Every structure is written in structure tokens, then in C-alpha cells.
1. Using mean Cβ contacts within 10 Å as the protection proxy, how do 6-14, 51-59, 31-39 order, highest first?
2. With label points built 7 Å along Cα→Cβ from the Cα atoms of His5 and Asp30, find their separation and express it in nm.
Amino acid sequence: MERMHVYVTNDVSEEALAHIDALDGVEAGDGVIMGMGEPRPDEMSVVMFYNAPDGKGEIRIPFSCIAIADEGVVRATMKRTGGMIG
């Protein structure tokens with residue numbers, strides 16, 4: 001299990017990231033989710049772990065929603081853009 005930074009596509013709303021950010025042990029916002037997690041290629045997702053009242057909780061981020069991750073993701077597509085510079 002690694003500390004991961006998962007950059008999500010534009011399909012993932014900031015509202016959804018705010019709900020994830022409310023979980024203990026996970027930070028999310030501005031198109032990125034950070035926390036302890038691991039890739040699960042057989043499930044086509046990355047699993048992020050959080051502290052739940054009754055133990056360890058899990059959220060799954062489908063590979064289709066990931067632009068890039070800093071650990072373990074082999075296939076991903078980039079859809080989020082930063083706009084025009086200049």
C-alpha cells in the first residue's frame with residue numbers, strides 16, 4: 001500500500017471530490033485525490049483507504065476516471081486540461 005496522488009478527469013466533479021475529502025485519511029480537491037491506496041488492475045480501479053468508524057473503509061476510483069496516478073497505474077487517459085496560458 002502506497003501513498004498515492006490520483007489526478008482525475010473532468011468527468012469527476014468537484015462536488016464528488018468534496019465528498020471524498022470529508023473522509024478521514026483522504027484528501028481531495030482541485031482534480032486530485034491523495035491518500036493511502038493501491039492499484040487493482042483486475043478490478044480496473046485504484047482503491048483508496050480511509051478511516052471508517054468501524055475500521056478501514058475503501059473507495060474505488062475506476063481507471064476510466066483517472067488522468068494519471070503516481071504509483072502503479074499502467075493505462076490511463078488524460079482529459080483534464082488547465083486552460084490556455086498566455
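1. Numbers: 6-14: 16.4, 51-59: 10.6, 31-39: 19.3.
Highest-to-lowest ranking by the protection proxy: 31-39, 6-14, 51-59.
2. Reported label-point gap for His5 and Asp30 is 1.0 nm.
Read the figures in this text as sums done on the coordinates, not as results from a lab. Worth saying up front: this structure is predicted, and the values here are computed from it rather than measured. Cβ atoms come from the backbone with ideal geometry, glycine included; neighbour counts cover every protein chain shown.
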